[in-house]
1. Test S143 against the stated conditions and say whether it is surrounded by fewer than 20 Cβ atoms within 10 Å (Cβ to Cβ), of a type in the set (S, T, Y) and over 16 Å from the mean Cα position of the chain (by Cα).
2. Just to be sure I understand the filter: pairs with C-beta atoms under 7 Å, separated by 6 or more residues or on different chains, first member in the stretch 35-62 and of a type in the set (S, T, N, Q), second member at pLDDT 60 or above. Which pairs pass?
3. Just wondering, is there one or more residues in the stretch 67-78 that are under 21 Å from L183 (Cα atoms) and either small (G, A, S) or modelled with pLDDT under 90 (or both)?
4. Which condition does K76 not pass, out of (1) assigned to a strand (DSSP E or B); (2) surrounded by fewer than 17 Cβ atoms within 10 Å (Cβ to Cβ), if it passes all the others?
5. What number of residues in the stretch 113-138 are without any contact (Cβ under 8 Å) to a residue 12 or more places away in the chain and either surrounded by fewer than 15 Cβ atoms within 10 Å (Cβ to Cβ) or within 20 Å of D179 (Cα to Cα) (or both)?
6. Among the numbered criteria (1) hydroxyl-bearing (S, T, Y); (2) out of contact with any helix residue (DSSP H, G or I) (no Cβ under 9 Å at 6 or more places or on another chain); (3) assigned to a strand (DSSP E or B), which one does T119 miss?
7. If I ask for residues that are out of contact with any Ser or Thr (no Cβ under 7 Å at 6 or more places or on another chain) and under 16 Å from R64 (Cβ atoms), which ones from the stretch 82-109 would you list?
8. How many residues are open to solvent by less than 50 Å² (accessible area, probe 1.4 Å) and not in a loop (DSSP other than H, G, I, E, B) when one looks only at the stretch 79-92?
Amino acid sequence: MFAKMIRTARGQDTLLAVRPLDFGGPELSDEMKKQAAESVDLESFWCRPPRCFPFQREHSDGLRLGATLEFLKAKKFVCDSSLLREDHLVSVSPLVSIIPKRRDANSLVIDLRSVSSLTGSDYLRFSLHCSVALEAPVKLLGSCGEATLRDLHGCLPASHLTGQPPRKKRTHVQSPPPDELVLLLQVLVYGNVAFLRPIPSEE
């Protein structure tokens, strides 16, 4: 939030600094209110810390916790699927890094990591276990920081999109279950790892 305020202040004739009134007074100064108004989107979408994820013993050790998407769904660690609308962007929190790693030919581990820049302490260190067919959508989110639901669905293997049975090749990437991508996004949104924002209108 403060980084956004600095960028906002740079575009003004007078630099609006934070004053003692902003820390100890009954309310913010007029200058601080003006800058906070410019940062409302950042505050509402990006500044929520990641939640604590429930974990499975078989996917956890002393250093890192983990779970499957199905386990998290059973624990109700998901947002309402109706929130995932075509007119929204899926944006990754700047507080969290998302790194997909293949475990074997059929499974993928998505490492979620959030570290305090001040103390170096972990806010989040968690591994999501899912099918390898989600690798491309996760890479798109991790590299671009945001994507539309249409783009994420477009990254899925062609056999999943067309409903055609996959060819039997050793190198073939198996398609995920029909709702696995939706389930992944439900988990990420509920865990404050990703947020949903309306697609900006073209003026």
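1. no
2. Hits for this filter: Q56/G66; Q56/A67; Q56/T68; Q56/F71; S60/G66.
3. If we filter the stretch 67-78 for residues that are under 21 Å from L183 (Cα atoms), which is where we start, we get 67-78.
With the extra rule that they be either small (G, A, S) or modelled with pLDDT under 90 (or both), the set shrinks to 67, 74.
Within the stretch 67-78, one or more residues are under 21 Å from L183 (Cα atoms) and either small (G, A, S) or modelled with pLDDT under 90 (or both).
4. The single condition K76 does not satisfy is (1).
5. Within the stretch 113-138, residues that are without any contact (Cβ under 8 Å) to a residue 12 or more places away in the chain and either surrounded by fewer than 15 Cβ atoms within 10 Å (Cβ to Cβ) or within 20 Å of D179 (Cα to Cα) (or both) number 7.
6. Only one criterion is unmet by T119, namely (3).
7. Answer for the stretch 82-109, where residues must be out of contact with any Ser or Thr (no Cβ under 7 Å at 6 or more places or on another chain) and under 16 Å from R64 (Cβ atoms): S97, I98, I99, P100, K101, R103.
8. Taking the stretch 79-92 first, the residues open to solvent by less than 50 Å² (accessible area, probe 1.4 Å) are 79, 84, 88-92.
Filter again for not in a loop (DSSP other than H, G, I, E, B), leaving 88-92.
Result for the stretch 79-92: 5.
The values are calculated or read from the model by the stated rules, or taken from the named source; none is laboratory data. In this text the structure is predicted, and so the values were computed from the model without any measurement. Cβ sites come from the backbone with ideal geometry, for glycine too, and all protein chains shown count toward neighbours. Surface accessibility is based on the protein's heavy atoms, side chains included, excluding ligands, DNA and RNA. Shrake-Rupley method; radii C 1.70, N 1.55, O 1.52, S 1.80 Å.
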